Amino acid sequence: MAHPKLKIASAQSAQTIHEHVTTHLRITAEHIRENYLILIIKLSILCLFIYSLISGISNIIEHFNAVIDYTANQFEEYFYIATSNYYLRPSLILLFPIVGISTNKKIGWILIQSYFYFLITNLAFPATKIDLTDNTLIILNVIGFLLILLIIILMNKNKISNLVYGIKKSKLINMNIIASIIGISITLILVMF
């Protein structure tokens, strides 16, 4: 038979655990309400990564089925198609913000932000060669540019940069410079190849 003081202590610890769990769940709901912008950005990046990975694998399989040689080593052929045609390149580039999503530190913010700078510079290079008579293409490029710029501005808001990632307002310019250099460098490397 359990000692009465032991029963009281276990009942109190159970109540404390219940209060802690309830408080934690309440904080999580409040956390979602307060940080919905960064959660939407992170979820968008995650969805984009999953889509690009599925699309890349699908393209590899289609290419493999179109040129399959049953006499050759099929694994080697599949690997050659995957590495030589850059079907997985978008997924590999998206690894930068995916790593950034998993860390709520300054480096995470830089990796996420550098991806959006990469997208802007990647959009800017082809925009210089747009046919100015094609209004649809111009409108799509302007909408894409403004959407990416909006995300960059949102990432610089105090609610995200300081409260989530711990970046003070005085250091935002330096962090943006680092992120833009990384993003532009990725674009230039891809242009060279």
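The values are calculated or read from the model by the stated rules, or taken from the named source; none is laboratory data. Keep in mind that what you see is a predicted model, and the values were worked out from it rather than measured. Using ideal geometry, Cβ is built from the backbone for each residue, glycine included, and neighbour counts are taken over all protein chains shown.
Structure summary
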item: Qualifying positions in the stretch 151-162 - exposed (fewer than 15 other Cβ atoms within 10 Å of the Cβ) and in contact (Cβ under 8 Å) with a residue 40 or more places away in the chain; result: Lys157, Lys159
item: Checklist (1) closer than 28 Å to Ala179 by Cβ; (2) more than 12 Å from the chain's Cα centre (by Cα); (3) in a helix (DSSP H, G or I) applied to Leu92, failing item; result: (2)
item: Residue within the stretch 114-121 that is free of Cβ contacts under 8 Å to residues at least 24 places away in the same chain and either aliphatic (A, V, I, L, M) or touching a His at 6+ places or on another chain (Cβ under 7 Å) (or both) present; result: no
item: Candidates Ile148, Ile178 - the one that is in contact with a Leu (Cβ under 6 Å, 6 or more places away or on another chain) and surrounded by 14 or more Cβ atoms within 10 Å (Cβ to Cβ); result: Ile148
item: Residues (over 19 Å from Thr103 (Cβ atoms), out of contact with any Ser or Thr (no Cβ under 7 Å at 6 or more places or on another chain) and of a type in the set (A, V, I, L, M, F, W, C)) located in the stretch 153-185; result: Ile153, Ile173, Ile177, Ile181
item: Number of the condition not met by Ile32 [criteria: (1) more than 23 Å from Asn162 (Cβ to Cβ); (2) hydrophobic (A, V, I, L, M, F, W, C); (3) assigned to a helix (DSSP H, G or I); (4) at pLDDT below 85]; result: (1)
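For (1) in contact with a Ser or Thr (Cβ under 8 Å, 6 or more places away or on another chain); (2) surrounded by fewer than 13 Cβ atoms within 10 Å (Cβ to Cβ); (3) at pLDDT 85 or above, each residue gets a yes or a no:
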{"site": "Ile40", "(1), (2), (3)": "no, yes, yes"}
{"site": "Leu48", "(1), (2), (3)": "no, no, yes"}
{"site": "Ser52", "(1), (2), (3)": "yes, no, yes"}
{"site": "Asn65", "(1), (2), (3)": "no, yes, no"}
{"site": "Lys106", "(1), (2), (3)": "no, no, yes"}
{"site": "Ile112", "(1), (2), (3)": "no, no, yes"}
{"site": "Ala124", "(1), (2), (3)": "no, no, no"}
{"site": "Thr133", "(1), (2), (3)": "no, yes, no"}
{"site": "Ile139", "(1), (2), (3)": "no, yes, yes"}
